[in-house]
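See structure below.
The values are calculated or read from the model by the stated rules, or taken from the named source; none is laboratory data. If you're wondering where the values come from, they're calculated on a predicted model, not measured in any experiment. Cβ placement follows ideal geometry from the backbone for every residue including glycine, while neighbour counts extend to all protein chains displayed. Quick note on the areas: whole protein, heavy atoms, side chains included, nothing else; ligands and nucleic acids left out. Shrake-Rupley method; radii C 1.70, N 1.55, O 1.52, S 1.80 Å.
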Amino acid sequence: AEAEALAGQLRQFGFRLTGKHRSKAVERFTQGAINIVVNTEREGLAHSAYLTHGTSAYAMGLMVEDAAATVERARALGAQLFNQRLGPNQLAIPAIRGIGGGIIYFLDQKSPLGRVWDVEFDSVDDPAPVRDAGLGRIDHVAQTMNYEEMLTWILFYTAIFRTGKSPMVDVVDPGGLVRSQVIESDDGALRLTLNGAESRKTLAGHFVAESFGSSIQHLAFRTDDIFATAEAMRAAGFRPLEISPNYYDDLEARFGMEAALSDRLREHNILYDRDEAGEYFQFYS
């Protein structure tokens with residue numbers, strides 16, 4: 001039932017059911033270069049993750065130059081490898097344990113791993129009418145943890161991957177401060193936001209407590225036209241997180257914003273910021 005509700009929400013985002021696994025209760029939803037896999041298996045890692053955390057993003061897959069070499073480097077640096085029994089029509093995808101017991105899978109184009117969607121999945125046509133919303137790729141993945149764990153995971157990512165890190169910033173929450181730091185590859189293809197919660201009263205702290213451990217808190221999708229995306233999603237029945245009208249009054253005063261732009265932001269509950277590098281628009285489910 002939860003998978004059906006999630007599929008309905010994904011369709012509001014413009015994702016289309018494009019594949020079903022040949023031997024498992026797993027479905028693939030796609031839009032642009034984004035793949036979301038919904039797993040309702042009754043055994044294995046997916047089921048144990050569900051029993052522990054509820055419906056959650058318990059794993060992510062990264063495309064690397066050499067999957068075997070990446071896993072070997074991770075193993076040499078002390079990462080815990082992950083594998084489970086393979087069924088029919090399944091590839092042995094190299095993987096390691098990540099934050100909160102989650103899994104990071106590695107794929108590459110030089111091996112059969114690059115054909116995982118063709119090897120493991122049958123192509124299907126979505127029975128529901130779905131309109132593309134213009135989402136092109138995953139912009140970033142936000143992972144939340146207790147602040148005491150944060151330095152460990154920063155070291156984990158920067159040691160295993162060719163990444164840099166931004167300065168740590170304090171994000172103000174009504175319940176306290178959340179420490180946030182970005183891990184990013186040189187080309188921006190991999191971007192992880194690590195949020196360290198110091199208090200259970202914050203949204204981040206509440207998430208860690210309620211989901212029984214650190215894990216992926218949200219996924220951010222990139223679009224070339226956020227207003228067109230918001231309009232397409234609204235037409236599909238999507239309801240965004242509502243933003244207080246006072247927020248837009250503050251934007252007008254802070255940036256000298258024209259009323260026409262402020263009205264467009266307000267109409268779709270889009271958040272806004274600006275600095276010397278450009279403008280940033282975002283909205284939330």
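List of remarks:
- Qualifying aspartates and glutamates (Cα of each under 18 Å from Cα of Lys20; at least 8 residues distant if same chain): Glu2, Glu4, Glu41, Glu43, Asp118, Glu120, Asp122, Asp125, Asp126
- Within the accessible surface of the chain, defined with a 1.4 Å probe on protein heavy atoms only, the carbon and sulfur portion equals 51 percent.
- Per residue, the solvent-accessible area of region 9-67 (1.4 Å probe, heavy atoms of protein chains only, all protein chains present) comes to 49 Å².
- Rounded accessible area per residue of region 87-136, 1.4 Å, Å²: 51
- Here the relative contact order of the chain, from alpha carbon pairs under 8 Å that lie six or more residues apart, stands at 18 percent.
- Quotient of C-alpha Rg and 2.2 N^0.38 Å, computed over region 1-153: 1.09
- ³J(HN,Hα) computed for each position of region 215-222 - Karplus, 6.51 cos²θ - 1.76 cosθ + 1.60, integer Hz, glycine/proline x: 5, 6, 8, 8, 10, 10, 10, 9
- When +1 charges are put on Lys and Arg Cβ atoms and -1 charges on Asp and Glu Cβ atoms, the dipole computed for the chain relative to its Cα centre reaches about 1000 debye.
- Over region 63-159, the ratio between the Cα radius of gyration and 2.2 N^0.38 Å evaluates to 1.34.
- Candidate residues Leu261, Leu241, Leu192: accessible-area rank, largest first, probe 1.4 Å: Leu241, Leu261, Leu192
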